[in-house]
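Below is one structure, written out as structure tokens; the observations come after it.
The values are calculated or read from the model by the stated rules, or taken from the named source; none is laboratory data. The structure presented is a predicted model; accordingly, all values stated were derived computationally and were not measured. Positions of Cβ are generated from backbone atoms using ideal geometry, with glycine treated the same way; all protein chains shown enter the neighbour counts. The protein model used for the area step is the full one, side chains on, heavy atoms only, and it has no ligands, DNA or RNA in it. Shrake-Rupley method; radii C 1.70, N 1.55, O 1.52, S 1.80 Å.
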Amino acid sequence: MNSHLPNWRSLLYVPASEERFVAKAHERGADAIILDLEDGVAPDSKARARAGLAAAAASARQNGADIVVRINRPLRMAAEDIAAAAAAGADGVICTKMMGADHVRLLSELAAESELAAGREIGSLRFIVLIEDAAALRQADAIASADPRIVALGVGGEDLATDLGAEPTPDALDLPKRLGLIAARGAGILPLGFIGTVAGLKDLDGYRAMLRRSRAIGFACASCVHPSQVGIINE
């Protein structure tokens, strides 16, 4: 692993608008807390979640976890989300639905402007980039190496499966996920994710086996949406 990369195993999604979840996030044992401004937040709650990001980040960071903010795709919203993340002292942002290398560089330019406004060092806000459609998957290598801010790349299984007209099964996602892994390793960044489904709350042994296989294939870290999954990912 390159020395500039974070030492992440587990990244736990927490809706930034849900104070009761944010309040307990630091107790969950995750290496990074993802304060979600995208799918986990209703449209009419996004402005409130963004406004409360600094307080949420301070709370979630109490036990030393890194703080990452998942931003929205529309450019106007992405700019607002990045500015809020920089001002809140977040360690990074998850850039969703990437279109290509130029898209990464555009968001990096916005991040630099936000860092200056927040009095932060340029480049301190790291990027996790998500590939979520077939067109972007064809550009995975270029996306992975587009900017020095990028520390991890993941392939979003559910959205990609929808774009492919497929079910989000391990069989359908095996090749796309491996292509993302190869692109990430080739660029010297972390491959985020696993080959499997997001299920796992009812069959924790199966979830553990799926993660063990994914780690053996080469994945470095994984995100989850439920605290019960954090310990298994860390294991």
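To the nearest 0.05, what FRET efficiency results for Q62 and A216 with a Förster distance of 30 Å applied to their C-beta separation? Kindly include the intermediate steps, with their values, before the conclusion.
Numbers: r = 34 Å, r/R0 = 1.12.
After rounding, the FRET efficiency stands at 0.35.
So what is the accessible area of the chain per residue, in Å², with the probe set to 1.4 Å?
Details: 10630 Å² over 235 residues.
Spelled out: the 1.4 Å probe surface of the chain, per residue, equals 45 Å².
For region 207-220, in order, what is each residue's ³J(HN,Hα) by Karplus, 6.51 cos²θ - 1.76 cosθ + 1.60 with θ = phi - 60°, in whole Hz (x at glycine and Pro)?
4, 4, 5, 5, 5, 4, 5, 5, 5, 5, 6, x, 5, 9
Label points 7 Å out from Cα along the Cβ direction at I182 and R48: separation in nm?
4.7
Rounded to whole Hz and in sequence order, give me ³J(HN,Hα) for region 57-68 from the Karplus expression 6.51 cos²θ - 1.76 cosθ + 1.60, θ = phi - 60°, writing x for Gly and Pro.
5, 4, 5, 5, 7, 3, 9, x, 5, 5, 10, 10
In region 151-235, carbon and sulfur make up what percent of the accessible area (probe 1.4 Å)? Write down the numbers at each step before the final one.
Values: 2240 of 3990 Å².
So the carbon and sulfur contribution to the accessible surface is 56 percent.
Just how large is the dipole of region 9-163 about the Cα centre, in debye to the nearest 20, putting +1 at every Lys and Arg Cβ and -1 at every Asp and Glu Cβ? Write out the running numbers ahead of the final one.
On the way: 17 positive and 24 negative charges, 68 e Å.
Around 320 debye, computed over region 9-163.
Put a dot 7 Å past each Cα toward the Cβ at A23 and A134; how far apart are the dots in nm?
Reported label-point gap for A134 and A23 is 4.7 nm.
Please give every one of the lysines within straight-line cross-link reach of K177, meaning a C-alpha to C-alpha distance under 23 Å, and leave out same-chain neighbours fewer than 8 residues apart.
Filter leaves K97.
Keeping the other protein chains in place, figure out the carbon and sulfur percent of the accessible area of region 1-143, with a 1.4 Å probe.
Numbers: 3230 of 6380 Å².
Accessible surface attributable to carbon and sulfur in region 1-143 totals 51 percent.
Go through 30-36, 89-95 and give me the packing order, highest mean Cβ count within 10 Å leading. Please list the in-between numbers first.
Numbers: 30-36: 25.9, 89-95: 23.9.
With the highest mean Cβ count within 10 Å placed first, the list reads 30-36, 89-95.
Using a basic spin-label model with each label point 7 Å from the Cα along Cα→Cβ, how many nm lie between A172 and K202?
Once both label points are built, they end up 1.9 nm from each other.
Give the value in nm², to one decimal: projected area of the alpha carbon convex hull of the chain, averaged over all directions. It would help to have the intermediate numbers written out before the result.
Values: hull surface 46.8 nm².
Approximately 11.7 nm², given one-decimal rounding.
Would you please state which residues of region 70-100 a label at D163 would reach in this model, taking the label point 7 Å out along Cα→Cβ and a backbone N cut-off of under 17 Å?
Within reach of a label on D163, which here means backbone N under 17 Å from a point 7 Å along Cα→Cβ, region 70-100 contributes 71-75, 94-100.
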